[in-house]
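The values are calculated or read from the model by the stated rules, or taken from the named source; none is laboratory data. Source: prediction; values computed, not measured. Using ideal geometry, Cβ is built from the backbone for each residue, glycine included, and neighbour counts are taken over all protein chains shown. Surface areas here come from the heavy atoms of the whole protein model, side chains and all, with no ligands, DNA or RNA. Shrake-Rupley method; radii C 1.70, N 1.55, O 1.52, S 1.80 Å.
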Amino acid sequence: MKTHPKTPGFGTIAIHAGQEADAATGAIMTPIYQTSTFVQTSPAVHKGYDYSRAGNPTRSALEKNLAALEGGKYCSAFASGMGAIDAVAKLLRSGDHVVAGNDLYGGTYRIFVRIFEQFGLSFDFIDMSDLENVRRAVRPETRMVWIETPTNPLLRIADIRKTTEIARKAAAISVVDNTFATPYLQRPLELGADVVVHSATKYIGGHSDVILGAAITNDMNLAEQLQFIQKSSGAVPGPFDCFLALRGIKTLHLRMDRHCSNAKAVADFLSHHPKVKTVNYPGLEGHPGSNIARKQMKGFGGMVSFTLKNYRVRSAKRLTTLTKVFSLAESLGGVESLIEHPASMTHSSLPRKVRINSGLEDTLIRLSVGVEDVSDLIDDLAQALSRIDR
Ligand SMILES: Cc1ncc(COP(=O)(O)O)c(C=O)c1O
């Protein structure tokens with residue numbers, strides 16, 4: 001009987017994919033090839049690398065690793081998540097239309113509206129948790145459908161399989177920003193997406209010490225275009241940053257399990273707290289996207305957002321200054337817990353009217369639940385909430 005080799009598990013891929021012992025020395029960790037150029041034996045004859053903007057061995061190791069984690073064939077790494085988003089938007093041409101979620105990372109909204117609209121792209125921002133909205137928004141000139149799920153910061157859920165089906169029928173490229181979920185919890189390419197983008201600054205790096213992005217695909221044509229844009233526009237990550245991301249990825253699966261269990265406990269605590277009005281976490285019973293999340297995700301992630309019953313912006317802002325274990329800072333996905341006020345921080349680039357229309361209230365507080373001891377996180381939130389007016 002023929003036996004098929006077993007596919008390695010996620011943890012094994014995270015630790016080994018794209019990373020072989022260094023051929024020159026046997027170093028088990030991928031060396032940091034901190035070089036701009038590579039010596040050639042005769043003109044255009046080299047060992048696969050000629051200039052580090054076009055390619056670098058540390059970056060190649062990271063790109064292979066990220067592609068493997070997402071179940072994709074190709075990956076291009078970028079100097080930031082925004083660098084990746086910029087490159088993916090450059091797959092489009094003037095006159096093309098994009099359907100995107102209305103609860104997106106503020107920087108994604110900003111680059112679409114303030115930069116790409118100038119170059120003749122047009123955008124519709126809709127609530128993607130309702131597929132009817134997607135069907136209605138698609139037009140003959142729609143060439144891209146941009147999905148963020150879970151969304152930032154309202155943790156809404158879009159059905160990746162059904163939304164990408166609508167995109168495919170319209171001959172539009174479907175893109176999923178998988179930053180919140182990571183490939184450990186959700187693999188959009190397997191659900192029909194054409195491209196996955198990441199702010200690897202977040203859970204993938206995992207230690208708040210690197211800014212990095214990536215775009216992953218199984219489509220050779222899109223991959224070639226992305227590589228061309230990467231080389232031509234030049235938003236490439238440095239080798240040291242690639243090394244840091246590779247090191248972070250080795251524990252991605254372990255960290256994500258803890259992020260998920262801590263976030264669920266924090267969401268449960270908040271949802272029973274007398275001063276808390278609403279809690280957004282896809283793992284909570286009653287979350288409108290919970291059933292789809294259960295189908296397409298392995299866990300619900302480490303992000304939680306909530307509002308206070310007293311409904312005062314002043315109280316919401318004050319709460320973010322009262323925690324001691326949760327640090328008041330932008331970003332997310334690191335091992336340490338963070339608290340922030342989206343309306344004045346991560347999402348301040350969205351005009352207020354757009355924010356309010358999409359459901360992002362001025363009183364919303366967002367938590368990136370880290371991997372500390374969960375009882376310390378809950379005690380910290382309890383003491384901060386006890387100092388807020390009812
Ligand atoms: C969902 C999401 N996508 C993209 C980005 C942009 O990534 P970067 O900050 O690495 O440029 C962010 C940043 O917060 C994000 O939260």
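So here's what we get for this one:
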quantity	calculated
Greater than 29 Å apart at Cα, pairs in 90/317; 250/317; 90/162; 202/264; 264/317	90/317; 250/317
Charge dipole (debye, nearest 20) of the chain; +1 at Cβ of Lys and Arg, -1 at Cβ of Asp and Glu	520 debye
Folded to 0 to 90 degrees: helix 239-249 orientation relative to the chain principal axis, Cα	60 degrees
Dipole magnitude of the stretch 14-123 about its Cα centre (Cβ charges: Lys, Arg +1; Asp, Glu -1), debye to nearest 20	180 debye
Part-to-part distance (alpha-carbon centres) for the stretch 151-189 and the stretch 26-72, which is given in Å	30 Å
Spherically averaged projected area in nm², based on the convex hull that wraps the Cα atoms of the stretch 259-390	7.7 nm²
Accessible surface ranking that places the most exposed of 306, 10 first, with a 1.4 angstrom probe	10, 306
For residue 350, net neighbour charge (Lys/Arg +1, Asp/Glu -1) across residues whose Cβ lies under 13 Å away	+2
Tilt relative to the chain, helix 160-169 - C-alpha long axis, 0 to 90 degrees, to 10	60 degrees
The stretch 41-193 - accessible surface per residue (Å², probe 1.4 Å)	38 Å²
Residue with peak Gaussian network fluctuation, the chain [Cα springs, cutoff 10 Å], from 321, 151, 35	35
Under 18 Å from the residue 115 label point (7 Å along Cα→beta-carbon), backbone N, the stretch 341-379	346-351
Sulfur and carbon atoms: percent of accessible area, the chain [1.4 Å]	54 percent
Computed lengthening from residue 321 to residue 354, 0.36 nm per intervening residue step minus Cα-Cα distance	9.2 nm
Label-point separation in nm, residue 231 to residue 162, each point 7 Å along Cα→Cβ	4.2 nm
Accessible surface ranking that places the most exposed of 184, 51 first, with a 1.4 angstrom probe	51, 184
Long-range HN-HN contacts of residue 173 with modeled amide H, under 5 Å	144, 145
Residue-by-residue Karplus 3J(HN,Hα) for the stretch 133-138, coefficients 6.51, -1.76, 1.60, Hz, glycine and proline x	4, 5, 4, 5, 7, 5
Rounded if a/c under 1.5, otherwise prolate or oblate - the stretch 45-87, Cα gyration tensor axes	oblate
Integer Hz, Karplus 6.51/-1.76/1.60 couplings in order for the stretch 261-274, x for Gly and Pro	5, 5, 5, 4, 5, 5, 5, 4, 4, 5, 5, 9, 7, x
Potential lengthening between residue 135 and residue 383 on full extension [0.36 nm per residue; Cα-Cα distance subtracted]	84.7 nm
Student exercise, the stretch 138-219 dipole from Lys, Arg, Asp, Glu Cβ charges, in Debye to nearest 20	240 debye
Rg and Dmax of the stretch 70-189, Cα atoms only, in Å	13.4, 36
Relative contact order (%) - criterion: Cα under 8 Å, at least six apart; region: the stretch 142-280	18 percent
At 1.306 mPa s and 10 °C, Stokes D of the chain from Kirkwood alpha-carbon radius, µm² per second	74 µm²/s
Helical mean residue ellipticity (222 nm; -39500 (n - 2.57) per DSSP H run of 4+; nearest 500) of the chain	-10000 deg cm²/dmol
Distance between modelled label sites at residue 39 and residue 94, nm, 7 Å Cα→Cβ extension	4.7 nm
Rounded tilt (10° steps) of 57-69 against the dominant C-alpha axis of the chain	60 degrees
Residue-count net charge about residue 178 - beta-carbon cut-off 14 Å; Lys, Arg +1, Asp, Glu -1	-2
Projected area, mean over directions - the stretch 1-139, Cα convex hull, nm²	14.9 nm²
